[in-house]
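Below is one structure, written out as structure tokens, with a few remarks after it.
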Amino acid sequence: MDRIKIIGGNRLNGVIPISGAKNAALPLMIASLLTDDTLTLDNVPHLADVEQLIRILGNHGVDYSVNGRRQHQDGAYSRTVHFTARQIVTTRAPYELVSKMRASFWVIAPLVARMGEACVSLPGGCAIGTRPVDFILQGLEALGTEINIENGYVHAKAPKGLRGAEFTFPKVTVGGTHTMLMAACLARGDTVLHNAACEPEVVNLAECLNAMGAKIKGAGTPTIYIEGVEGLSGARVKVISDRIEAGTYAMAVAMTGGDVLLKDARPDYLRSVLDTLSKTGLEIKESEEGIRVARNGLDIVPTDIETQPFPGFPTDLQAQFMGLMTRAKGVSHITETIFENRFMHVQELARLGAHISLVGQTATVEGVERLLGAQVMATDLRASVSLVIAGLAAEGETTVNRVYHLDRGFERLEEKLSNCGAQIERISG
Ligand code: EPZ
């Protein structure tokens, strides 16, 4: 199993190109199941989760082709991938495929909308909480789907097609909003979604569906209106830039010091994060090119956060922010409100010398003068990267085990960081 070795202490200086967002690419790829035409996606990141979803879609009959992996002058890569679901060969998504990635459960919505049925294994995914799918199923039921759960599989049936409805999500859910958008655009009549997720990835999906011929209004606000259409066609859509990747590297610079341009990062996707980071002492400049972040070695100011749905502070940056706060000059509090068990990084950060205590959903972080390199291991994607950025600021050598978590969501992490002066390398085997 690959490991990442880091010798901490170097400042980061230079340019980091921000990739296309994993969490936008996945639902856009799934939307290709809604049409027999070709959906072309630009700026698709090269990640293990994307490759896994390609396999899952392939099982349903989706053909794909990739237009090169062009490297641009600034070192950024971009991939264009064409997806064509000319014929759906099976509406069954087996456990072996779905259990590896939670988002693959979302295929249930386009399959029911297009084929009138689906049989999808209950999902797996990162170990960050129980993560049920009840709201997704309630939404599909509201559109007229009959749901039965047997032997770990959800059997969904709507033989006469879906019909529009008014539905209120009991809690904000990104996946619930994605699935309802995909289902409702092919339903008969109008659908209104209340308490919908406002994440930029939801807006990216709505724009993609509209480019395919759907009639969706209000995406990016809590109320979304969808007028059902008969069918959808192909389209060409760009995956938005990855706000979590950008926020992660901003925190790395906040921790190590230095000056980095996060090229193509979108400040409007990161408002609450940038406000918080500027309170910690990070200098932030927004430009056409992206976001420039710098810290000149002054103390890191302790700052409290609470995770919230967009536009609040994202749960996907909570672990990285905790890494940063381990070096703050004082005490900070970090409250997780989205997932009930997203603190697996606490004990690993402690191996590097961090002082963190956990009561319920709030971690109290007492900043320390220095972190010392150690062997660490993480159980999910964002926790893993929090250990990488802590390792960059620690003295001596840190080895991060179970690198496959990082490969799920960070494109060419070692290359991007070492181009900015970090001592980081992958050790194979
Ligand atoms: C998406 O997961 C992201 N994944 C997650 O990123 C992210 O942490 C999460 O949204 C919140 O922002 C992708 O986009 C692929 P939710 P999702 O439905 O859609 C509960 C990463 O590291 N809930 O918004 O699965 C749920 O348990 C990943 O890239 C139900 O109870 O998250 C959670 O407490 C990790 N029933 C809350 O809602 C349901 O039916 C929000 O989850 C659905 C959700």
Problem set entry | Quotient of Cα Rg and 2.2 N^0.38 Å for segment 22-238, N being how many residues it contains | 0.95
Problem set entry | Range in the chain, longest, excluding exposed GluC sites (Glu not before Pro) [loop by DSSP; at most 14 other beta-carbon atoms within 10 Å] | 1-229
Exercise. Just the accessible area per residue of the chain, please: how many Å² with a 1.4 Å probe?
Worked result: 39
For this session: With a 1.4 Å probe and every protein chain left in place, tell me how much accessible area Thr80 has, in Å² to the nearest 10.
Result: 10
Exercise. What list of ³J(HN,Hα) values in whole Hz, one per residue of segment 155-163 in order, does the Karplus curve 6.51 cos²θ - 1.76 cosθ + 1.60 (θ = phi - 60°) give from phi, with Gly and Pro shown as x?
Worked result: 9, 10, 9, 9, x, 9, x, 8, 10
Exercise. Considering only protein heavy atoms, what is the solvent-accessible area of Thr40 at a probe of 1.4 Å, reported in Å² to the nearest 10?
Worked result: 20
For this session: Could you tell me which of Thr256, Pro267, Leu41 has its Cα farthest along the dipole of the chain towards the positive end, charges placed at Cβ (Lys, Arg +1; Asp, Glu -1), taken about the Cα centre?
Result: Leu41
Seminar exercise, completed: Between the modelled labels at Asn419 and Arg131 (7 Å from Cα along Cα→Cβ) the distance in nm is 2.9
Seminar exercise, completed: Two pseudo-spin positions, 7 Å from Cα along C-beta at Glu96 and at Lys329, lie apart in nanometres by 5.8
Seminar exercise, completed: Flagged as over-length at 30 Å C-alpha distance, from Lys22/Lys217; Lys100/Lys416; Lys100/Lys329; Lys157/Lys217; Lys5/Lys329; Lys22/Lys160, the pairs are Lys100/Lys329; Lys22/Lys160
Exercise. Hey, can you rank 252-265, 315-328 by average C-beta count inside 10 Å, highest first?
Worked result: 315-328, 252-265
Seminar exercise, completed: Answer in debye to the nearest 20: the dipole magnitude of the chain about its Cα centre, from +1 Lys/Arg and -1 Asp/Glu charges placed on Cβ, is 400
Seminar exercise, completed: Expected unfolding gain across Glu397-Ile88 under the 0.36 nm per residue rule, minus the alpha-carbon gap, is 106.2 nm
Exercise. On full extension of the chain, what length is gained from Ser233 through Glu369, given 0.36 nm per residue of separation minus the C-alpha to C-alpha distance?
Worked result: 43.2 nm
Seminar exercise, completed: For Lys285, counting only lysines whose alpha-carbon sits under 19 Å away and dropping same-chain residues fewer than eight positions off, the answer is Lys263
Problem set entry | Convex hull volume per residue for the chain, taking Cα atoms only, in Å³ | 125
Exercise. In the chain, what % of DSSP beta bridges are antiparallel (nearest 5)?
Worked result: 70
Exercise. Can you give the % of DSSP beta bridges in segment 22-238 that are antiparallel, to the nearest 5?
Worked result: 70
Exercise. What does the accessible area of Tyr95 come to, in Å² to the nearest 10, when a probe of 1.4 Å is used?
Worked result: 130
Problem set entry | Value of relative contact order over segment 22-238, rounded to a whole percent, pairs C-alpha under 8 Å and six or more apart | 20
Problem set entry | Gaussian network model of the chain, Cα within-10 Å springs - most flexible of Ile18, Ile149, Ile54 | Ile149
Exercise. How many percent of the accessible area of the chain is carbon or sulfur, using a 1.4 Å probe?
Worked result: 47
Problem set entry | Helix-only mean residue ellipticity at 222 nm for the chain, each DSSP H run of n ≥ 4 adding -39500 (n - 2.57), per residue, nearest 500 | -8500 deg cm²/dmol
Seminar exercise, completed: segment 180-205 scanned against label point 7 Å out from Tyr225 along Cα→C-beta; backbone N under 13 Å for 190-193
Exercise. So, with +1 on the Cβ of K and R and -1 on the Cβ of D and E, and no other charges, what is the size of the charge dipole of segment 22-238 about its Cα centre, to the nearest 20 debye?
Worked result: 260
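The values are calculated or read from the model by the stated rules, or taken from the named source; none is laboratory data. All figures in this text were calculated on a predicted structure; none of them were measured in a lab. Cβ atoms come from the backbone with ideal geometry, glycine included; neighbour counts cover every protein chain shown. Heavy atoms of the whole protein, side chains included, go into the accessibility calculation; ligands, DNA and RNA do not. Shrake-Rupley method; radii C 1.70, N 1.55, O 1.52, S 1.80 Å.
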